[in-house]
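Quick notes on the structure that follows.
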Amino acid sequence: MSAVTLTVRGLDAGFTMGGSTVLVVRDVNFDVRKGEMLGIIGESGSGKTVTGMSLLRLLPDNGVTNAAEIDFLGVDLRGLSDEAFRELRGRRLAMVFQDPVGAFNPAKKIEWHIRGVFDRSASKSPAHAERARNWRPAAIQLLKDVGIPQGDNVLRQFPHQLSGGMLQRTLIALVLAFEPELIVADEPTTNLDNIVERQILRLFRDLQRRLNCAFIFITHDMSIAHMLCDRIAVMYAGRIVESGPTKDVFANPKHPYTQGLLASALALEGKTDRLKEIPGELPSPSNLPPGCLFEPRCTFAKPVCRTKPPGMTALEGGRGVRCVLYGDG
Ligand SMILES: Nc1ncnc2c1ncn2[C@@H]1O[C@H](COP(=O)(O)OP(=O)(O)O)[C@@H](O)[C@H]1O
Ligand code: SF4
Ligand SMILES: [Mg+2]
């Protein structure tokens, strides 16, 4: 098994408003290994984005993060100054958002962006230095690698002149050149049409294989997680309720919430004849049920579920589930 790149233990995150703090992410624990893609999945509002943003210190000013451990390749991320953290983000960590526009300086052409990455990594090796010196052919090759054959033209364009799909491809090229050890991508294909989306998803998988980096892929779409991720962590109301190898979780989901998510995903894909939705809705983070957070929606709930929050039970095969139906809860 390869080395662990990122270890997260006891991560809480939330927001301070009107003098009080509401946590929207609670006691999140996971590891991501080198060469592995971890999917964080769950319906909208479950805390996936806040988890990614808090790890990369990108929450807004009223954001609050607390953790027992956040270790990135031996560096305790909690202890870094903001300046040291920015430096790390610029060199070893990358975040890819839903809207690629925000990653580009609108006043600068694509070539400026690619040259910037080449220049910043020039000191890594003689080959990197050569790439920075002789940047144009390297940039054209890079764009070709992400499915842009007319790279020469694209280099001379401004970000707003490219379509959403082209811009996301260009961003993937930048990440490829930047060679981070950890990438966090948050719903990066949500704005794209289906065909382009599938192409871009394949590029993300290629990117991760080429860089052999650790990758956290955040999505609400079960079919995307199934296609891309080695392991998944299912979030519900700010907590991870199930985790394990993707193929095992999909073949045999344990948590009633995961079972519901999979049933509704199959229905959406037309693989069952009735649309199955999980009844009810996510609880408000400021008014959570006292026991299991899923209890108000769970068809298997027992009396104990109403009073005692279940702990995470470790199962065989690297799986975990937060539910009293397994182990002692
Ligand atoms: N800037 C913010 N201020 C206050 N609450 C927020 C903010 N951003 C997100 N939230 C709340 O945090 C919770 C989790 O949101 P989010 O992480 O965006 O969910 P997901 O990415 O899973 O859809 C939601 O209840 C959301 O309303
Ligand atoms: S702990 Fe109880 S309410 Fe929660 S998911 Fe399991 S059975 Fe359902
Ligand atoms: Mg989100």
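To check you understand DSSP bridge types, tell me what percent of the beta bridges within the stretch 170-295 (both residues inside) are antiparallel, rounded to 5. Mind showing how you got there, number by number?
Working: 6 of 11 bridges.
Percentage antiparallel, nearest 5: 55.
For the chain, compute Rh as the Kirkwood radius over C-alpha pairs and then the Stokes-Einstein diffusion coefficient at 20 °C and 1.002 mPa s; write the answer in µm²/s, rounded to an integer.
Working: Rh = 21.1 Å.
Diffusion coefficient, whole number: 101 µm²/s.
Can you tell me which lysines have their Cα less than 20 Å from the Cα of LYS34? Leave out same-chain residues fewer than eight positions away.
Output for LYS34: LYS124, LYS247.
Dipole of the chain, Cα-centred, from +1 at each Lys and Arg C-beta and -1 at each Asp and Glu C-beta, to the nearest 20 debye? Can you show the working numbers first?
Details: 40 positive and 36 negative charges, 109 e Å.
Dipole size: approximately 520 debye.
Among PRO253, VAL25, LEU93, which residue has its Cα positioned farthest towards the positive end of the charge dipole of the chain, with +1 placed on the Cβ of Lys and Arg, -1 on the Cβ of Asp and Glu, and the dipole taken about the Cα centre?
LEU93
Can you give me the long-range amide H partners of ALA94? Hydrogens built in the peptide plane at 1.01 Å from N, cutoff under 5 Å, separation of 5 or more residues or another chain.
LEU182, ILE183, VAL184
In Å, what is the Rg of the alpha-carbon atoms in the stretch 194-329, and how long is Dmax?
16.3, 50
Between ASN191 and THR307, what is the FRET efficiency for a Förster distance of 45 Å, r being their Cβ-Cβ separation, to the nearest 0.05? Could you put the intermediate results ahead of the total?
Numbers: r = 43 Å, r/R0 = 0.95.
The value I calculate is 0.60.
Where does each of LEU182, LEU201 land when they are ranked from fewest to most other beta-carbon atoms within 10 angstrom? Before the final figure, lay out the partial values.
Values: LEU182 23, LEU201 20.
Sorted ascending by nearby Cβ count, the order is LEU201, LEU182.
Just in the stretch 58-119: which trypsin sites (Lys or Arg not before Pro) are loop by DSSP and have at most 15 other Cβ atoms within 10 Å? Mind dumping the intermediate values first?
On the way: sites: ARG78, ARG86, ARG89, ARG91, ARG92, LYS108, LYS109, ARG115; in loops: ARG92, LYS108, LYS109.
Passing both the DSSP loop test and the Cβ count: LYS108.
Out of all DSSP beta bridges in the chain, what portion is antiparallel? Express it as a percent rounded to 5. List each step's numbers first, then the result.
Numbers: 31 of 49 bridges.
So the antiparallel bridges in the chain amount to around 65 percent.
Are there GluC sites (Glu not before Pro) in the stretch 59-98 that DSSP puts in a loop and that have at most 15 other Cβ atoms within 10 Å, and which ones?
none
For LYS308, give me every one of the aspartates and glutamates with a C-alpha distance below 13 angstrom, ignoring sequence neighbours fewer than eight places off in its own chain.
Filter leaves GLU295, ASP328.
Read-outs: derived from the displayed coordinates by stated rules, not from any lab. These figures come from a predicted structure and were not determined experimentally. For neighbour counting, all protein chains shown are included, and Cβ atoms are generated from backbone atoms with ideal geometry for every residue, glycine included.
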